[in-house]
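Enquirer: The structure under discussion is supplied below as structure tokens; questions concerning it will follow.
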Amino acid sequence: MPVLTAHYSIPLPADYDMGVIARRVADRSAPWDRRTGLLLKSFCVTYASDASAGGHNSYAPFYVWAAPDEFGRFLTGAEYAGLCAAFGPVPVHTGTVLQCSIGTGPVGHLVSETEPLGPVTDLRAIARAEAERHQAAVADPSVHSHVVDLDPATMTLTRRTLLHAASEAPQPKNSERVLRVLHLSRPPHTTTG
């Protein structure tokens with residue numbers, strides 16, 4: 001059962017050699033394919049030329065964890081230390097999973113949409129609406145996975161949709177951000193949906 005999400009986005013200069021990131025992912029992704037307590041890690045990037053990248057490159061992984069203690073081990077272990085050694089301090093944002101369906105097979109893109117909810121004191125109607133939206137999203141044959149999380153500190157809802165590799169790259173709409181997926185780690189014991 002998914003419990004929390006984690007993500008970070010490391011902005012990189014427009015002239016940064018993104019081959020460095022591709023090599024980093026290729027060299028370091030295999031252990032994530034077997035990681036205990038992890039449901040999914042999407043190794044995402046944007047390129048300066050991408051429509052939603054704002055003229056900057058970025059490295060922006062996204063995680064779904066079933067075990068908060070394993071997420072804690074990531075933060076206090078060699079992996080996060082190595083990330084900060086390479087890129088400087090990296091703030092990691094987390095959210096509580098409201099909806100999650102994880103598919104199988106390769107992915108090509110991740111579409112992220114963030115919605116500030118404002119000063120909400122009753123989330124029941126929002127949760128019901130997101131459940132309906134989630135069912136509609138996963139019914140789309142281009143959708144590999146769909147995850148909705150809530151940051152209760154900022155009252156911000158984020159919807160992330162992973163698209164099958166065969167799907168065309170979508171054009172971002174409104175507040176959407178479209179990221180390219182270099183690798184998807186999905187440990188085999190973590191089927192959900």
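The values are calculated or read from the model by the stated rules, or taken from the named source; none is laboratory data. Because the structure is a prediction, the values reported are computed rather than measured. Ideal geometry is used to build each Cβ from the backbone, glycine not excepted, and the neighbour counts take in all protein chains shown. We work out accessible area using only protein heavy atoms, side chains counted, and drop any ligands, DNA or RNA first. Shrake-Rupley method; radii C 1.70, N 1.55, O 1.52, S 1.80 Å.
Enquirer: What is the local net charge at ASN57, summed over the other residues whose Cβ is closer than 10 Å to its Cβ (Lys, Arg +1; Asp, Glu -1)?
Expert: Computed value for this residue: -3.
Enquirer: May I ask you to compute the full-extension gain from LYS173 to HIS56, defined as 0.36 nm times their residue separation minus their alpha-carbon distance, rounded to one decimal in nm?
Expert: That pair, LYS173 and HIS56, stretches by 40.3 nm at full extension.
Enquirer: Do any trypsin sites (Lys or Arg not before Pro) in the range 102-193 lie in a loop, going by DSSP, with at most 11 other beta-carbon atoms within 10 Å of their beta carbon, and if so which?
Expert: LYS173
Enquirer: If you don't mind, another one. Mind jotting down the distance between the C-alpha centroids of the range 141-170 and the range 1-29, whole Å?
Expert: 17 Å
Enquirer: Using the Cα atoms of the chain to build a convex hull, what is its mean projected area in square nanometres?
Expert: The directionally averaged projection comes out at 10.9 nm².
Enquirer: Tell me the carbon and sulfur percent of the accessible area for the range 1-131, rounded to whole percent, probe radius 1.4 Å.
Expert: The computed percentage sits at 59.
Enquirer: Any chance you could run the full-extension gain for VAL3 through LEU123? It's 0.36 nm times the residue separation minus the Cα-Cα distance, nm to one decimal.
Expert: 41.4 nm
Enquirer: Return one whole number: the accessible area per residue of the range 17-58 in Å², for a 1.4 Å probe.
Expert: 43 Å²
Enquirer: I'd like to know which of HIS93, ALA81, LEU163 lies farthest towards the positive end of the charge dipole of the range 79-186, counting +1 on Cβ of Lys and Arg and -1 on Cβ of Asp and Glu.
Expert: Ranked along the dipole, the leading option is LEU163.
Enquirer: Give me the net charge of LEU157's neighbourhood, meaning all other residues with Cβ under 12 Å from the Cβ of LEU157; Lys, Arg count +1, Asp, Glu -1.
Expert: Surrounding charge for LEU157 is -2.
Enquirer: Note down, for the range 18-103, the three equivalent ellipsoid semi-axes (square root of 5 times each alpha carbon gyration tensor eigenvalue), biggest first, whole angstrom.
Expert: They are 22, 17, 13 Å, listed largest first.
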